[in-house]
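The values are calculated or read from the model by the stated rules, or taken from the named source; none is laboratory data. Nothing here was measured: the structure is a model prediction, and the numbers come from that model. Backbone-built Cβ (ideal geometry, glycine too); neighbour counts: all protein chains shown. Side chains are part of the model used for accessible areas, which takes the heavy atoms of the whole protein and leaves out ligands, DNA and RNA. Shrake-Rupley method; radii C 1.70, N 1.55, O 1.52, S 1.80 Å.
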Amino acid sequence: MLRAGIVAIASLWTSAAFAVSPTVGSVSPAGGKLGVDIEITLSGARLDDAKELILYDAGIKVVTLQPSKDGKTVKSLLRIAPDCALGEHQLRLRTLTGLSELRTFFVGALPVNKEVEPNNELSKAQIVPANTTVTGVITAEDADYFKVEAKKGERFSVEVEAIRLGRALFDAYVAVLDDDGKIVAECDDSVLFLQDPVISFIAKKSGFYYVMLRDTSWGGGNDSHYRLHLGSFPRPTAVFPPGGQAGTDVKVQFLGDPAGSLETVVHLPKTAAGDFPLIAESQGLKAPSANRFRVSPFPNVLESAGNHDQAHATASLREGPVAFNGIISLPGESDWFSFKAARKQALEIAVYARRVRSPLDPVLQLLDIKGKVIDSNDDAAGVDSVIKFTPEEAGVYYLKIFDQLRSGGADYVYRIEIRPPASSVTLGIPEVARNDTQSRQFIAVARGNRMATLLNVKRANFNGDLTFSIPGLPPGVSLHAEMMPAGVDTMPWVFAATPEAELSSSLVEPLARPRAADKTVESAYRHKLELVRAGNDQVYYATHTDRLPVAVIQEVPFELTLEAPSVPLVRSGSMKLRVKADRRPGFDDPISVKMLWNPPGISSETEVIIPKGKSAAEYAINAKGDAALATWKIVALASAPHKGGTIFTSSDLTPIRVTEPFIVGKISPVTTEAGKTIQIKCALDQKEPFEGKAVARLVGLPDKVTAPDKEITKDDKEVAFDIVLDPKIAPGSHKSLSCQVQIKKGSDTIVQAVGSGGILRIVPPKKAPAEPKKVAALETKTPGK
């Protein structure tokens, strides 16, 4: 059964077996209108076996999907419902061989017209009807002019979607000019839409107005697409109150529109949803984009008139979570609130201003009943303020809020939520490469095979063990995930597909739960996709999703196995794991193998290669002396270049047990001279008996020093190495000697370091004492002779 928003088609022609994942670079046009059908073109590579267009939200139906034979484009007919949500919609393509990047498509309420060149001068302005969306491109040093008729006393609104399209760093500037070419209004950036400008005013006279659009620095390029909305539609800049309690009906006002505020009643969802978009509507016309509104579990308290000092603070009459709502309506103004707090009850006090796209840059102060500042905060959550507070005494406390620059205005709205700190867990997949938020941020698992990913967890006010589940996986797909212990925030997941799994996809919401039955946490999956990034790695525009795409794709030409060792990995030890590739006939390319994750205290080689035509390799791992003692599950990720792309698959989770060392030792320091033969002894404290004989090797010796290996048994208390020093070795101190012991168990070997930090001092030979000088006897004469 096909779900809404996805259509399956029969492949027009069959791709070569074992093709690789698709890539989609652009979607054109960038948007469409409510209630109409529109054909879009997805451009990229390896698209010839396209099977599904996955849409993240309801309201758009895929009617047809037509890939080109050269694999560079896919055409799709979309049917946009009359009640489809306005604004950004996310999509990605599934082919037989993988999932594409996430791209966006915009839905508007106005008829769409294309820009027609030449229109780069006022005299050549393109005439368009009011209440139209114009689509176009700004090339380098280009400006597009449009001529629109308006009536005196009517609203004239302009809104630009440019950087929000996620194509390029297109920092748009828009100006409205009169018949004389004088600027009536202009805008570069906006708080409401970041780098995208917005203008709305009341026309002072009837006639034609000119709208000029360009890049603010006269830049541009082939990727600088825009959607320019022109007309008499409402364009408020804020909503008051800026939030409401889940499951209630809230009377709201849209503020900042030049024709005056607009009122409506909003029916809020029964569960807290965070951001909740609200669209203003007036005289049958809708604003092109939503205003932000926050939904949370807390009851609203609206500011009272004159709450500009402590004596007139707006009070919450109840003890417990609450949401204060207000407006800093004048420059220099401050608003005050009071609330009751219990002794030793931890609280989190969070301001939502810039996060609901208010121009307010809030500063929040917490004060006691005497007006003494207990704490203050400016920018804990981006521009917004957050204070964490545990009262020493029960009583009434006060909040003071003002703009950091002492500004104010009719749309300087804010919301202050007071609540006990929530225990929460946020799940996500870490970036596989720096500044890459698209690669492997989905699961494409081949039939009869496996695919692994890393899972990262951010705990808040909770540090217990976690278990995981993912409802709604595609038929035939299962999740292999171990319990995540407290103190660990990253572990691997493995997705396995049966050989009979249906080639399909699902958008799923991974869940985390505390292992302890008496604990509850809020769990959410979050993925931030950075669509526009520029110099200094600054992100200018990003979109977010709370669902993970999981798809079953056609078979890949090999399967990877990471063999479980039969012996433990001991602290201060090492081992070589065997990885095997089961190659399908006709595939003999080299395979890169990487350990996806190392448990605490474990390190591994960066990469090993299974050579062309070979089926196995060894992967070295090491344990530090303080490696966490446990049985961990590890996984190897394999990749191979194929058909112009890359194939990915993985092993299953493979157990590895980390234990205390079998033997503890201490090497006695030795001082000697070049050319000497001496013994270096290592005292042995055997903790775990072993069968047969083990090999002891002295490692860390300098050049020109040799020591043959020795054999030891479980009964030996000491091992002595015979050391031979070359006569020409230079004097010096060598402090990294250790005894490496190799204990054979079946086909595996336990390798561990014993007595690390041994010292060998080589000193110059002593000089022989000098012989006493012989003094000749003096001849004496007898006087008188």
Residue-normalised value, i.e. accessible area per residue, for the chain at 1.4 Å probe, in Å², stands at 46 Å²
With a ≥ b ≥ c the root eigenvalues of the C-alpha gyration tensor of region 329-437, is it rounded (a/c under 1.5), prolate (a/b larger than b/c) or oblate? oblate
Within a Cβ distance under 15 Å of Ile729, other residues only, what is the Lys/Arg minus Asp/Glu net charge? +1
Residue among Ile634, Gly675, Ser603 farthest towards the positive dipole end of region 574-700, charges placed on Cβ: Gly675
Report the Cα centroid-to-centroid distance between region 310-363 and region 530-595 in angstrom, as an integer. 47 Å
Taking a ≥ b ≥ c as the square roots of the eigenvalues of the Cα gyration tensor of region 447-579, is the shape rounded (a/c under 1.5), prolate (a/b larger than b/c) or oblate? rounded
Rank Met483, Met491 by accessible area, highest first, at a 1.4 Å probe radius? Met483, Met491
For peptides 601-611, 216-226, 722-732, 648-658, sequence by mean Cβ density within 10 Å, most packed first: 648-658, 216-226, 601-611, 722-732
Based on DSSP, what percent of beta bridges with both residues in region 226-329 are antiparallel, to the nearest 5? 70 percent
Rh_Kirkwood(the chain) over Cα pairs, Å, one decimal, evaluates to 31.8 Å
For region 127-177 and region 63-116, what is the separation of their C-alpha centers, rounded to whole Å? 23 Å
Heads up, region 110-165 by the C-alpha gyration tensor (a ≥ b ≥ c square roots of eigenvalues; a/c under 1.5 rounded, else a/b over b/c prolate, else oblate) looks oblate
Share of carbon and sulfur in the accessible heavy-atom surface of the chain [1.4 Å probe, %]: 50 percent
Taking the Cβ of Gln195 as the center, what net charge do the other residues with Cβ under 10 Å away carry, scoring Lys and Arg +1 and Asp and Glu -1? -3
To the nearest 0.05, the calculated FRET efficiency linking Asn463 and Ser206 through their beta-carbon distance, R0 being 60 Å, is 0.35
Could you point to the residue in Ser736, Ile712, Leu725 farthest towards the positive end of region 674-770's charge dipole, with +1 and -1 charges on the Cβ of Lys/Arg and Asp/Glu respectively? Leu725
Nothing charged except the Cβ atoms of Lys and Arg (+1) and of Asp and Glu (-1): what's the magnitude of the dipole of region 264-359 about its Cα centre? Round to the nearest 20 debye. 400 debye
Can you give me the Cα centroid spacing of region 461-511 and region 599-677 in angstrom? 26 Å
With +1 on the Cβ of every Lys and Arg and -1 on the Cβ of every Asp and Glu, and nothing else charged, how large is the dipole of region 152-266 about its Cα centre, in debye rounded to the nearest 20? 240 debye
Computed on Cα atoms only, the convex hull of region 567-621 has an orientation-averaged projected area in nm² of 4.2 nm²
When every protein chain stays in place and a 1.4 Å probe is rolled, Glu115, Glu711 sorted by accessible area with the largest first are Glu711, Glu115
Taking +1 at the Cβ of each Lys and Arg and -1 at the Cβ of each Asp and Glu, which of Leu507, Leu230, Ala551 sits farthest along the dipole of the chain towards its positive end, judged by Cα position relative to the Cα centre? Ala551
Local net charge near Glu149, Cβ-Cβ under 13 Å (Lys/Arg +1, Asp/Glu -1): +1
If you count, for each residue, the other Cβ atoms within 10 Å and average over each peptide, how do 177-190, 360-373 line up from highest to lowest? 360-373, 177-190
Theoretical gain in end-to-end length, Asp180 to Lys528 [0.36 nm per residue, Cα-Cα removed]: 120.7 nm
About its Cα centre, how strong a charge dipole does the chain have in debye, to the nearest 20, once Lys and Arg get +1 and Asp and Glu get -1 at the Cβ? 2840 debye
Partners for Lys744 among lysines (Cα-Cα distance below 26 Å; same-chain residues under 8 apart left out): Lys576, Lys580, Lys624, Lys633, Lys666, Lys681, Lys687, Lys693, Lys710, Lys714, Lys717
